[in-house]
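Asks: First the structure, which I've put down as structure tokens, then a few questions once you've had a look.
The values are calculated or read from the model by the stated rules, or taken from the named source; none is laboratory data. Given the structure is predicted, the values throughout are model-derived calculations rather than measurements. Please note: Cβ atoms are built from the backbone with ideal geometry, for glycine as well, and neighbour counts cover all protein chains shown. The accessibility values were calculated without ligands, DNA or RNA, using every heavy atom of the protein model including side chains. Shrake-Rupley method; radii C 1.70, N 1.55, O 1.52, S 1.80 Å.
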Amino acid sequence: MKRLVILLAITAALPAHADRLPLPADTPASYRAECGSCHLAYPPALLAAGDWRRIMAGLDDHFGSDAAVDDQKRQEITAFLERRAGNAEKLGSAGEPPRISQTARFVRKHREVPAGLWRDPRVRSPANCEACHRGAADGNYSEHDIALRELKR
Ligand code: HEC
Ligand code: HEC
């Protein structure tokens, strides 16, 4: 009985499972609309607050695109991303400009992806999460192996 209690305490202390990253319930509609039109509305936990701030401060020249939004939306989205950001130490440096796909955590989680697959025309870029994670729009990153097997053909 004592052991069971300890086990439950440990389980409760662990973060949510890493293959389930749905957008949080407090995600503003502006985030889905403005940051989900060109690519996936990325899970905020995959970048640190400081990196999100840098992204949000440079939207007029965003990876070669103009992703600028009005002041009110910028403030709303920035506050949300800061609130829901991941742990900087656990994620590791995201580079400049910051990329989820350059964090140490991302690299570690993806070390089994064959190098050539990132450049496959069906994938094009590590930022194109849905090419491999079919359920990414619903925050589901657990079906990766199925897409990967298809992509390897
Ligand atoms: C006009 C199109 C457009 C809009 C709108 C847009 N982005 Fe992007 N975003 C891009 C492009 C292009 C890239 C680079 C993709 C690549 O490298 O394949 C990118 C990349 C990113 C990356 C890095 C992905 C990686 O490699 O890890 C983040 C983070 C990001 N965007 C966040 C945002 C946020 C937050 C918003 C909303 C404020 C937003 N984007 C709106 C076009 C856009
Ligand atoms: C080329 C295919 C590919 C792309 C593109 C890709 N991933 Fe992955 N991802 C994988 C594979 C394969 C794994 C599992 C690796 C393993 O288990 O060793 C994985 C694992 C993950 C995990 C860990 C899941 C767990 O169980 O802990 C997360 C989170 C994740 N990816 C998020 C993303 C995000 C966010 C993007 C886009 C910014 C992305 N991935 C782009 C193939 C991809």
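Asks: Charges only on Cβ, +1 for Lys and Arg, -1 for Asp and Glu: so what's the dipole of the range 110-153 about the Cα centre, in debye to the nearest 20? Write down the numbers at each step before the final one.
Replies: Numbers: 8 positive and 7 negative charges, 53 e Å.
Value, rounded to 20: 260 debye.
Asks: I've got another one for you. What's the extension gain from Glu96 to Ala18 if we count 0.36 nm per residue and subtract their Cα-Cα distance?
Replies: 25.6 nm
Asks: Using a ≥ b ≥ c from the Cα gyration tensor of the range 26-99 (square roots of the eigenvalues), is it rounded, prolate or oblate, where a/c under 1.5 gives rounded and otherwise the larger of a/b and b/c decides, a/b for prolate?
Replies: Values: a/c = 1.69, a/b = 1.25, b/c = 1.35.
Oblate, because a/c is 1.5 or more while a/b does not exceed b/c.
Asks: Considering only protein heavy atoms, what per residue accessible area in square angstrom results for the range 26-99 with a 1.4 angstrom probe? Can you show the working numbers first?
Replies: Numbers: 4110 Å² over 74 residues.
It amounts to 56 Å² per residue over the range 26-99.
Asks: While we're here: If you roll a 1.4 Å probe over the range 110-153 with all protein chains in place, what percent of the accessible area is carbon or sulfur?
Replies: Details: 1480 of 2930 Å².
Summing carbon and sulfur atoms, their accessible area is 51 percent of the total for the range 110-153.
Asks: Given a 1.4 Å probe and every protein chain left where it sits, what share in percent of the accessible area of the range 26-99 is carbon and sulfur? Before the final figure, lay out each step's value.
Replies: Values: 1930 of 4110 Å².
The value for the range 26-99 is 47 percent carbon and sulfur by accessible area.
Asks: Please give the residues of the range 82-110, grouped as numeric ranges, whose backbone N is less than 20 Å from a label point set 7 Å along the Cα-to-Cβ vector of Ala67.
Replies: Output list for this probe position: 82-88, 91-107.
Asks: For Gly86, what residues show an amide H to amide H distance below 5 Å, using hydrogens built from the backbone and excluding near sequence neighbours?
Replies: Close amide H contacts, sequence-distant or interchain: Leu46, Leu47, Ala48, Ala49.
Asks: Taking the Cα centre as origin and putting +1 on Lys and Arg beta-carbons and -1 on Asp and Glu beta-carbons, what dipole magnitude results for the range 9-144, to the nearest 20 debye?
Replies: Working: 18 positive and 18 negative charges, 103 e Å.
So the magnitude is around 500 debye.
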